[in-house]
Every structure is written in structure tokens, then in C-alpha cells.
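First the structure, in the form of C-alpha cells, and then the observations on it.
The numbers here are math on the coordinates, done by the rules we state, and not lab data. Please read all numbers here as calculations on a predicted model, not as lab measurements. FYI the Cβ positions are ideal-geometry reconstructions off the backbone, even for glycines, and counts take in every protein chain you see.
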Amino acid sequence: MTKHLQLLILLSLLIIEGVFSQKDTTKINSNFDCKKNLLEFVEYTKAKKYGKAYKPWLLTFKNCPEYSIQIYTYGLKIVEHKYENSYNEDKENAGLLIDSIFRQRIQYFPKNSAKAYSDWAISLRERGTSNDAVFEKLELAFKADPIEMSIKNLVLYFKEITDRNKDFDPQIVFDTYDYVMDAVHHKMDMLSVELDRLNEKAANGEALTAKEKLKQKNNTIHLRGLSQVEPILDQTHGPLADCNRLIQLYKIGYKTNKTNATWLKRGITRLYRNDCENNKLYPKMVKAWKVADESIFAKLVYNNLFPNESNSSGWLELRKRIDAEKDPYKKAGYLLKIAYLYKRKSKSISRSYAIKALEVRPSYGDAYLLRANLYASSANSCGDDEFSKRLVYVAAADKAKKAKEVDPSVTAKAERYIDAYTKNAPGRSTICFPSKESKDKTSFEIKCWIDETVTFNPYKN
């Protein structure tokens, strides 16, 4: 090999080595060491020396926008500190830089962009930016993935949607509500499956790893947080959901949506939840839903509403499909839907299906809450005197407490039930106590269809 050729090969190898050695340290400016400056500002930020962190961070932000997401996570802390400790023009410039951090982070690291937009909205709100600017970011977050938004922002967004559309297009409000709750329930289902698996493992005496313990804790916290969404949203759009308004709205929408299974399901569910079934539209929608949707739920609702049109073979086929369901969560869901359908017809049959749902899925908080509601609604008909009638609320509260204990996804609802039922139970708050012969008792039998015994000390309530 000639000396000239050797030099040429050596030069080529040096060039290739240089390219690869710079791959992780340069992005835009080939003379800038991204890694060195990133490590420097990260170290300063961790030590809360934000002033010293600012210069190496800013250079990295400008020269290496794609290098690491830490540029944006740590950069926010650095620039927010600068914003909080600046005045006038400097403060304004720091605010603009915060916006640039969010914008560039979403551009170069689009994963979890919904959370980034949600956090951006929080930042804008805290800086006193216009309501429209905050709403714009909330809408972008919602369109990306509503589940990544903070609960506070999700509620704020829905409130804005309600305020902006309630007088002109309430269907947008209801559609947004349904979309949010579908996403929330989907997330809750995933978290619940994971949590149930971990809880079952621990209950069987198997040791959980540190990672599993953390997931167990985090899933519980997330489920409790998500449980707050539905009651807040219900309260926000509640005034819109009166029967006259809903019926008019669905009459208009029915013509173009009578084959839309999702639209029909949501409309039927909303009418049912608001006690708006006593009209000509509701059965028409149920019939259309059965045709548009072959699901078990659609057939259950149809068969329940039209028992004379539903022959025994139809019911038998449904029962076979439910019995054959391998997924315990789906199966428990079907059984609880049947329990709800019987709620107004027969409380005892309704309870029996709720119990069947719990046999399939013991952590099903909604099944316990239905039992609590069934008991509470029977208070006036179960008992011979005020004390025995109020005891029914003790049984109802017990079921709500059990729901909260086994299922963090119903925490917010369960706490409302517990509070309401406890206030109506015998004791000081109701000035209701047992007769003299029973004053030392702490175990009381509730008769009628409930037929349960509760342990309770009215003198401590």
C-alpha cells in the first residue's frame, strides 16, 4: 500500500470518527458542546442556583433544541424563577421565553403534547394572560388527549365549553361531556385492572416489588383523582339537562342520527339518567339503537323496555352471551346494567344482579353504590318507627363505605353517599335513639326485603 493511499484512508477514518463523536453533542452549531452545557445547567438547577444555570441553559436551548427533553423540563424551572424575580420589560421577556419553551418542546418532543399544552395553559393563567389565550391551549390539550390534562384544567375547559355554547348549541356541551367521560372511564378501567391484579397478588401473600408497590400507590391516587371528574362535570352542565331541552334537542338530532349507534346510546343514557323516558321519543330511540347496535347492552335496554316484544328465546340468548363472556370486567358490567334496569321495577331483583356482578368482580365499587342507593330509597318503607327506618341509612352507608374501600375509582361519589346517609342515620344529628329496652344494643336487624343486620352505636353518631 502506498504512503499516499495510507494517508487518504487515515484521513477518511478521522472524518468518520469525528462525525460519530459529534452526533450526541451537536445539533445546530457544530462548535457547541450540547452535553457539557446540559450537564452544567442541570447540576446548577438541582442545586437551585438558577442564576448560574441560565446562561448554559439558554445556549443549549438555542443550539441544541432536539438534544434532550431536559432542556425544557429544567428550562421551565430556570425561566420561571427569572420571571418571578423580574419586573417590567424583563418580566415580559421572561414570559415570552416561557412560551417559547413550551412551543419548542412540543415541536421537538411531541410525545405527551396534551400535558404540555395543559401545563402551558396553567402557566398562561398564572401570568394573567387573556381567557381566550388560556382556552386556546386547553382546547389543543383536549384534542390531543383529555386524559393527559390535569383534572383542574379538564374541568376549566368543560366550563368554558358550557359557557360558550349553552345558549347557542348545547349539543356541543353534551358531546364534549360524553367524550370526556368515555376517555375518563377508559383510563379508569385500565388503572383498575392493574390495581386489582396487584391487590390480588398482595392478598395471596405474594411480595410486591418496589416498582409494583409504587404502581399500586399511584394507580390508587390517580383513580381517586379521576373519580372527581364526573360529579364536577354533572354539576357544571346540570341545568342544561332538563327533560324539555333534552327532548327537543334529540328530536332535532334523531333524523340525521337514527342509524348512529354511538349517538343513540349517549342520548338514551342521558334521557334515562335524567328521568326523561316518559315521552314518545325515548322508545323510538331505543328501537333504533337495537337495530343499529348488536351489543348486549342495546338488547338489554330494548328487552327491558319492550318485554312483550322480547320472547323467552331472546332473553335466553342474552343470558348465554353474558354467561359465556370471559372478561370478568365486561361480564360484571353487563350484570350491573341489568341491576340498574330492575332498579325501578324490583329492588330485590336489582340487588341480586348487583351481588352477581360483585361475585365476578369483587372490587366493583359501583355495584356496592347501587346497593347503597337501593337501601336508602327504601328507608320509609322498611321499619315500624323512626329509629328502625333510619337504621336503613346505616346499611346504606355501610355499602358506600365498602365501595370506597375496594374501589378508589368511586371515591368522590362514595364519600357523598356516606355523608348523606350518615346524616340521616339514628344519633345526635337526628335526635333519634333506640327504645330503652334496646339502648345497650349495637347489633340491629333490618327487616323487609333488605333483611340484613347492622352493627351500629347510635350514641356515637
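Put in order of Cβ neighbour count within 10 Å, fewest first, the listed residues Val392, Val360, Val291 become Val291, Val360, Val392.
When Lys and Arg each count +1 and Asp and Glu each count -1, what net charge do the other residues less than 14 Å away from Asn93, Cβ to Cβ, add up to? Before the final figure, lay out each step's value.
On the way: positive: Lys82, Lys91, Arg127; negative: Glu80, Glu84, Glu89, Asp90, Glu92, Asp99.
Here the count lands on -3.
Here the sum of -39500 (n - 2.57) over DSSP H runs of 4 or more residues, divided by the residues of the chain, equals -23000 deg cm²/dmol at 222 nm, to the nearest 500. Diffusion of region 24-165 by Stokes-Einstein, at 10 °C in a medium of 1.306 mPa s and with Rh set to the Kirkwood radius over alpha-carbon pairs, works out to 99 µm²/s. Think of each Lys and Arg Cβ as +1 and each Asp and Glu Cβ as -1; about the Cα centre, that makes the dipole of region 24-165 roughly 420 debye. With respect to the chain, whose longest principal axis is taken over its alpha-carbon atoms, helix 243-257 is tilted by about 60°. For region 103-171, chymotrypsin sites (Phe, Trp or Tyr not before Pro) are listed when DSSP marks them as loop and at most 10 other Cβ atoms sit within 10 Å of their Cβ; the list is Phe168. Which Cys residues of the chain have no other Cys beta carbon under 4.7 Å away? Within the chain, the cysteines lacking a partner Cβ under 4.7 Å are Cys432. Normalised by the number of residues in the chain, the average gap of Cα pairs under 8 Å and 6 or more apart makes the relative contact order 7 percent. In a DSSP loop and with at most 15 other Cβ atoms within 10 Å, there are no chymotrypsin sites (Phe, Trp or Tyr not before Pro) in region 231-338. Ordering Asp163, Asp33 by the number of other Cβ atoms within 10 Å of each residue's own Cβ, fewest first, gives Asp163, Asp33. In the chain, the longest principal axis of the Cα atoms and the axis of helix 170-203 are about 90 degrees apart. Ranking Ala183, Thr129, Ile69 by Cα position along the charge dipole of the chain, where only Lys, Arg, Asp and Glu carry charges on their C-beta atoms, puts Ala183 farthest toward the positive end.
Quick one: putting +1 on the C-beta of Lys and Arg, -1 on the C-beta of Asp and Glu, what dipole do you get for region 239-343 around its Cα centre, in Debye to the nearest 20?
Values: 21 positive and 10 negative charges, 46 e Å.
Once rounded to the nearest 20, the dipole reads 220 debye.
Only Lys, Arg, Asp and Glu carry charge here, each on its Cβ (+1 for the first two, -1 for the last two); on that basis the chain has a dipole of about 520 debye about its Cα centre. If you compute Rg and Dmax of the Cα atoms in Å for the structure shown, which of (i) 37.5, 166; (ii) 30.0, 116; (iii) 51.1, 158 do you land on? Among (i) 37.5, 166; (ii) 30.0, 116; (iii) 51.1, 158, the one calculated here is (ii).
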